[in-house]
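Read-outs: derived from the displayed coordinates by stated rules, not from any lab. Only a predicted model underlies this, so the values are computations on that prediction, with no experimental measurement involved. No Cβ is skipped: glycine too gets one built from the backbone with ideal geometry, and neighbour counts run over all protein chains shown.
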Amino acid sequence: MATEETASTGKKPTTPLGFWRGWSLVVGGTIGSGIFTLPALLAPYGLLGLVGWFIAGSGALLMAFMLARLSIRMPAIGGPYAYARAGLGDFVGFWVGWGYWIAIWSATAAIAVACVGYISFFLPILRESSLLAATATLTLIWSLTAMNIHSMGSSGGFQLLTTFLKILPLLFVGLLGFSAGSTDNLPPFNPSGGSLFAVIATSVTLVMWAFVGLEGGTVPAADMVEPKKTIPRILIFGTLTVLVVYLVAFSGVMLLLPAEMLSNSPAPFADATVKVIGTMGASLIAMGAMISTLGALNAQVLLSGQVVRAVALDGLFPKILSKLGVQGTPFVAIIVSSILASILVAMNYTKGLVEAFNMMILLSTLTTLVPLSFAAIAALIFLKRDDASASRSQGIIVAVLAFLYSLLVIIGAGAETVFYGFILLTAAMPIYVLVAKNRDGESQNGI
C-alpha cells in the first residue's frame with residue numbers, strides 16, 4: 001500500500017498536521033463560495049429549505065462516519081482512492097484516483113477564479129480587464145503552490161488561520177439575524193406549492209454541494225499525527241462544525257431579509273449585513289468570502305499533491321509524480337496539478353470557452369462523489385470479511401446509507417453532467433493500460 005511504500009522512499013515523513021490543522025483542512029476545504037449564494041437559491045422553497053440543510057447535513061455526517069471507520073482500518077495516504085484500491089483492485093483504484101485528481105485541479109481553477117471575483121470588490125480594475133483578472137488568478141494559484149511545496153507545516157498553518165477567519169463573518173451574520181432580525185421575514189413553509197417530497201429532494205440536492213470537501217481530511221494520512229486517532233476526530237468534529245456554521249448563517253439571513261428580497265438577491269449575505277450596519281457590511285462579507293475561497297483554494301492545492309503521489313506510489317501513475325522535495329512535500333505532483341489548473345484558468349479567459357469551464361466546475365463536484373461511492377463499497381467489502389458483531393452491523397448500515405447518499409448527489413448533478421463525467425472517466429482507460437504495461441515490464445526486469 002502507499003503507506004508502506006512511503007516508508008521505503010528514504011525520506012522521513014513529516015507529521016505537522018495535528019488535530020486543529022487537520023480540522024481546518026476539513027472545514028476550510030468544505031466551506032468555500034457556495035454558502036454565500038445558497039440562501040438565495042433556497043429561498044423559493046421556504047422553510048423546507050431548512051429541512052434540506054438538516055437532511056444534507058445528516059448525509060454528510062454519514063459520509064464522515066463511514067470515512068472515519070475506513071481511516072481507522074487503513075490510515076493510508078490518498079483517502080478515498082486508497083480505500084477503493086484496497087477493496088476493489090488496481091483498475092478501480094486508478095479510475096477513482098484519476099477522477100479525484102480531475103476534481104481537485106478543476107476545483108482549484110474554479111475556486112481561484114471565484115476568489116479573484118471577490119478581490120475585485122476592492123480592486124474594480126480586475127472587473128475591467130480580463131488579462132489582469134487572469135494574471136491575478138494565476139498568481140494566487142502559484143503563490144499557494146509555492147507555499148505548499150515549501151512545507152506542509154506552512155500550508156497547514158495558513159489553512160488553520162483562514163478557516164477561523166472565514167467562520168467569523170458567517171457566524172456574525174447569523175448572530176445579527178437572531179438579534180436584529182424578525183420572524184416576520186421568514187418565508188412560508190412551502191411557497192412553491194409543489195409536493196413535499198419533490199421540494200425537499202430539490203433543496204437537499206442544492207445543499208449537498210456545500211458539503212463536498214469533507215473527505216479531504218483522510219488524504220494526507222502520512223502527514224498526520226497518529227492518523228488512526230486524528231482522522232476520525234477531525235472528520236466528525238469538522239463536519240459538525242460545518243453543519244452548525246451553515247445552519248446559523250442561513251437562519252440569520254432568513255431572519256434579516258424578507259423572502260421576496262432574498263430570492264432576488266445576488267449577494268444575500270452582503271444585502272443582509274448592509275441592512276443592519278450599512279455599507280461597511282458589504283466590505284465585511286466581501287472580505288469574508290475572499291478569505292473563505294482562499295482557504296478552500298489552499299486545501300485543493302495541498303490535496304492535489306497528496307492524491308497524485310498516493311496513486312504514483314502504487315505504480316498506477318508515473319513514478320516521477322511520487323517524488324518528494326527537500327522539505328518532504330510532493331512537489332512534482334503539486335506542480336503538474338497547478339499547471340493543469342492554470343490551463344483551465346486560461347480557457348476561462350478565452351472567449352468562447354466559458355461554458356466549458358462552467359461544466360468543469362460541475363464535473364469537479366461529480367468526480368469527487370464517485371470516489372466516495374466506491375469508498376462506501378470498499379467499506380462493505382472489508383466489513384464482509386469481519387466476524388459478526390454489533391460494530392460490524394453498524395458499519396454495514398452506515399456504509400449502505402453513505403453509498404445511497406453519494407448516489408443521490410450524483411443523480412442530482414443532472415444527466416448532462418453525468419454524461420460528460422462518464423466520458424471523462426472512461427477516457428482514462430487507455431492511460432491505465434499504458435501505465436500497467438510499463439509497470440509489468442519493470443516487474444519482469446526485476447525493477
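Here are the numbers for the structure shown:
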{"quantity": "Protection proxy ranking of 163-174, 209-220 - average other beta-carbon atoms within 10 Å, highest first", "calculated": "209-220, 163-174"}
{"quantity": "Net length gained if the chain between K228 and E260 were fully extended (0.36 nm per residue, minus Cα distance)", "calculated": "6.7 nm"}
{"quantity": "Contact order relative to length of the chain, as percent, for alpha carbon pairs under 8 angstrom and 6 or more apart", "calculated": "32 percent"}
{"quantity": "Three-way shape label, region 161-293, alpha-carbon gyration tensor, a/c 1.5", "calculated": "oblate"}
{"quantity": "Rg/Rh for region 2-442, where both radii come from Cα atoms and Rh is the Kirkwood radius", "calculated": "0.96"}
{"quantity": "Highest to lowest packing among 325-338, 305-318, scored as the average C-beta count within 10 Å", "calculated": "305-318, 325-338"}
{"quantity": "Positive-end extreme of charge dipole, the chain - chosen from A376, P124, G421 (charges on Cβ)", "calculated": "A376"}
{"quantity": "Packing-based order for 113-125, 191-203, using average beta carbon neighbours within 10 Å, highest first", "calculated": "113-125, 191-203"}
{"quantity": "Computed Kirkwood radius, in angstrom, where 1/r is averaged over Cα pairs of region 236-324", "calculated": "16.2 Å"}
{"quantity": "Net length gained if the chain between T135 and F197 were fully extended (0.36 nm per residue, minus Cα distance)", "calculated": "17.7 nm"}
{"quantity": "Principal-axis tilt of helix 130-150 within the chain, Cα atoms, nearest 10 degrees", "calculated": "50 degrees"}
{"quantity": "Local electrostatic count, N298, Cβ distance below 13 Å [Lys/Arg +1, Asp/Glu -1]", "calculated": "+2"}
{"quantity": "Nearest 10 degrees, 0 to 90: helix 390-412 Cα axis against the chain principal axis", "calculated": "60 degrees"}
{"quantity": "Size of charge dipole - the chain - debye, nearest 20, with Cβ of Lys, Arg +1 and Asp, Glu -1, no other charges", "calculated": "760 debye"}
{"quantity": "Rounded to whole Hz, the Karplus (6.51, -1.76, 1.60) HN-Hα couplings of region 189-202, x for glycine and proline", "calculated": "4, 9, x, 6, x, x, 5, 4, 4, 5, 5, 5, 4, 5"}
{"quantity": "Extension reserve of the I431-F91 stretch, reckoned as 0.36 nm per residue once the Cα distance is removed", "calculated": "121.3 nm"}
{"quantity": "Nearest-ten-degree value, helix 227-256 long axis tilted from longest Cα axis of the chain", "calculated": "20 degrees"}
{"quantity": "Using θ = phi - 60° and Karplus 6.51 cos²θ - 1.76 cosθ + 1.60, couplings along region 421-429 (whole Hz; Gly, Pro as x)", "calculated": "x, 5, 4, 5, 6, 5, 4, 7, 4"}
{"quantity": "Placed amide H near G79: partners under 5 Å, 5+ positions off or other chain", "calculated": "A221"}
